[in-house]
Amino acid sequence: MTDKKTKKRKPLYRRAPSENFRLQKRDKEIIYQIYKHRFLNSRHITALIEGSDQRILRRLNVLFHANYLARPLEQIRPYKRGSDPMVYGIGNEGAKLLERDFKIPRGKIEWTRKNREVKQVYLEHTLMVANFMVCLEIACKSKRGVELIPEDEIYKIFISRIEKQQNIGWKLSVERNSGKTNKKYNLSVIPDKTFGLYFPNDPPGKNKALFFLEADRS
């Protein structure tokens, strides 16, 4: 027999908001971390956020149903195993919170539609970059003598001439032999992620290093 008091499990990809939802302080940190990486899976989030894994997983569920987070449908695949961690992006209410509390402009993006249109290749590539950055952040926190310089701080420290944030990249020309002639191509190279490392025990001028990450899935 089924216990009538047992709560009915909510659907995984269709929202069923609770009337008594209340935003918590830790929820804001979760939303901001996901914004930084575009997409994170639940293992990334429990590794980054302090607290019980089970409580964080429950909050992720609540935040999804309240439209603060999204679960991109592209993660549903025939060969997907049930043990794979759930992937999260930003929902419309999450975008409003980022604008209100973190001064991050929302623009005119409708995030529910944007997450629905994400393709598998983009999703997997973004998670690959996120996995590297999450591991790096955790490693820096656990080791003395090195600190992670986040991407938004790079512009203040290394590139003071840039007045507003924009992508770091290079323009270059490449020649390719095509039969009897050489063809010239103009390309733009933009790294998947930019970050720095700060070594407080080293002398000034030699205590910061800048890195450009390229995640090649071939």
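The values are calculated or read from the model by the stated rules, or taken from the named source; none is laboratory data. Please read these numbers as outputs of a predicted model, since none were measured by experiment. Cβ: placed from backbone, ideal geometry, glycine included. Neighbour counts: every protein chain shown. Surface areas here come from the heavy atoms of the whole protein model, side chains and all, with no ligands, DNA or RNA. Shrake-Rupley method; radii C 1.70, N 1.55, O 1.52, S 1.80 Å.
Rundown of residues vs (1) more than 18 Å from residue 98 (Cβ to Cβ); (2) part of a loop (DSSP other than H, G, I, E, B); (3) open to solvent by less than 20 Å² (accessible area, probe 1.4 Å); (4) not hydroxyl-bearing (Ser, Thr, Tyr), yes/no style:
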| residue | (1), (2), (3), (4) |
| --- | --- |
| 12 | yes, yes, no, yes |
| 23 | no, yes, no, yes |
| 26 | no, no, no, yes |
| 31 | no, no, yes, yes |
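Pairs are defined by a Cβ separation below 9 Å, a sequence spacing of at least 6 or placement on different chains, a first member in region 4-19 that is under 19 Å from residue 76 (Cα atoms), and a second member that is at pLDDT 75 or above and open to solvent by 100 Å² or more (accessible area, probe 1.4 Å); no pair meets this definition. Identify, please: which residue in region 195-213 is modelled with pLDDT of 90 or more and assigned to a loop (DSSP other than H, G, I, E, B) and is, among those, most open to solvent (accessible area, probe 1.4 Å)? Of everything passing the filter in region 195-213, 206 is most open to solvent (accessible area, probe 1.4 Å).
Of the residues contained in region 95-108, none is found to be in a strand (DSSP E or B), under 13 Å from residue 31 (Cβ atoms) and modelled with pLDDT of 90 or more.
A count restricted to region 171-192 and to residues that are more than 17 Å from residue 149 (Cα to Cα) and in contact (Cβ under 8 Å) with a residue 12 or more places away in the chain stands at 10. Filtering region 129-156 to residues that are within 15 Å of residue 198 (Cβ to Cβ) and under 13 Å from the mean Cα position of the chain (by Cα) leaves 137, 150, 151. Checking each residue in region 193-210 for being under 21 Å from residue 156 (Cβ atoms) and either among the hydroxyl-bearing types (Ser, Thr, Tyr) or touching a residue at least 24 places away in the same chain (Cβ under 8 Å) (or both) picks out 193, 194, 195, 196, 197, 198, 199, 200, 208, 210.
Look at (1) closer than 28 Å to residue 194 by Cα; (2) open to solvent by 60 Å² or more (accessible area, probe 1.4 Å); (3) touching a residue at least 40 places away in the same chain (Cβ under 8 Å) and you find that residue 96 fails only one, number (3). Taking region 55-77 as the range and being more than 26 Å from residue 121 (Cα to Cα) and free of Cβ contacts under 8 Å to residues at least 24 places away in the same chain as the test, the residues that pass are 55, 58. Listed by first and then second residue, the pairs with beta-carbon distance under 7 Å, at least 6 apart or on different chains, first residue in region 134-153 and at pLDDT 90 or above, second of a type in the set (Val, Ile, Thr) and assigned to a helix (DSSP H, G or I), are 149/157.
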